[in-house]
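The values are calculated or read from the model by the stated rules, or taken from the named source; none is laboratory data. Please read all numbers here as calculations on a predicted model, not as lab measurements. Quick reminder, even Gly has a Cβ in these numbers, built from the backbone with ideal geometry, and neighbours come from all protein chains shown.
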Amino acid sequence: MQQFELTLHPEKTKIVYCKNYYRTEKHDNGSFTFLSYSFQPRVIDDKFGREKKLVVFGAAICNAAKTSIRTKLKEVFWTKRGSLTAEGLGDKLNTKIRGCINYYSKFARLEVQGILLFKPPDT
């Protein structure tokens, strides 16, 4: 990195052990978050149809991003009721939901769908 005159942040830079079904050792750093994706060991179904679960090192939306998205979606419902029609409310929600799905559904699509299943606040 010094060759390119770059420095690394000492608290944010670490070596991560990418645990999966054939690398099973235990290490202190087993996950990291980058661009609102959490990279960590995850359990998936075997792709060859066998009744088997595999551990892979994969990406999915991080918990902080889930909380942020839920908050932003709920804020749409807390706007002044008189200022939005049903169509206006739908348009606002549609753009937020579409953006969320387009960005976060590249990996672990089911985790994104779980965010979007929320109950609007009672009025």
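Counting only strands (runs of 3 or more DSSP E) that sit wholly inside the range 18-74, those with at least 2 residues that are in contact with a strand residue (DSSP E or B) (Cβ under 6 Å, 6 or more places away or on another chain) and not assigned by TED's automatic domain parsing to the domain that holds residue 95 are 37-45, 53-61.
For (1) closer than 30 Å to residue 68 by Cβ; (2) within 16 Å of the chain's Cα centre (by Cα); (3) among the aliphatic types (A, V, I, L, M), each residue gets a yes or a no:
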{"residue": "3", "(1), (2), (3)": "no, no, no"}
{"residue": "8", "(1), (2), (3)": "yes, no, yes"}
{"residue": "12", "(1), (2), (3)": "yes, no, no"}
{"residue": "15", "(1), (2), (3)": "yes, no, yes"}
{"residue": "19", "(1), (2), (3)": "yes, no, no"}
{"residue": "24", "(1), (2), (3)": "no, no, no"}
{"residue": "31", "(1), (2), (3)": "yes, yes, no"}
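Answer yes or no as to whether residue 60 is small (Gly, Ala, Ser) and under 13 Å from the mean Cα position of the chain (by Cα). So residue 60 fits the description; yes. Counting only residues that are among the hydrophobic types (A, V, I, L, M, F, W, C) and surrounded by 14 or more Cβ atoms within 10 Å (Cβ to Cβ), which one in the range 84-93 is modelled with the lowest pLDDT? So, considering only residues that are among the hydrophobic types (A, V, I, L, M, F, W, C) and surrounded by 14 or more Cβ atoms within 10 Å (Cβ to Cβ), the one modelled with the lowest pLDDT is 84. One residue stands out among those in the range 38-83 that are in contact with a Cys (Cβ under 6 Å, 6 or more places away or on another chain) and not β-branched (Val, Ile, Thr): the one that is surrounded by the fewest Cβ atoms within 10 Å (Cβ to Cβ), which is 57. The set of residues in the range 20-45 being over 11 Å from residue 58 (Cβ atoms) and among the basic types (Lys, Arg) consists of 23, 26.
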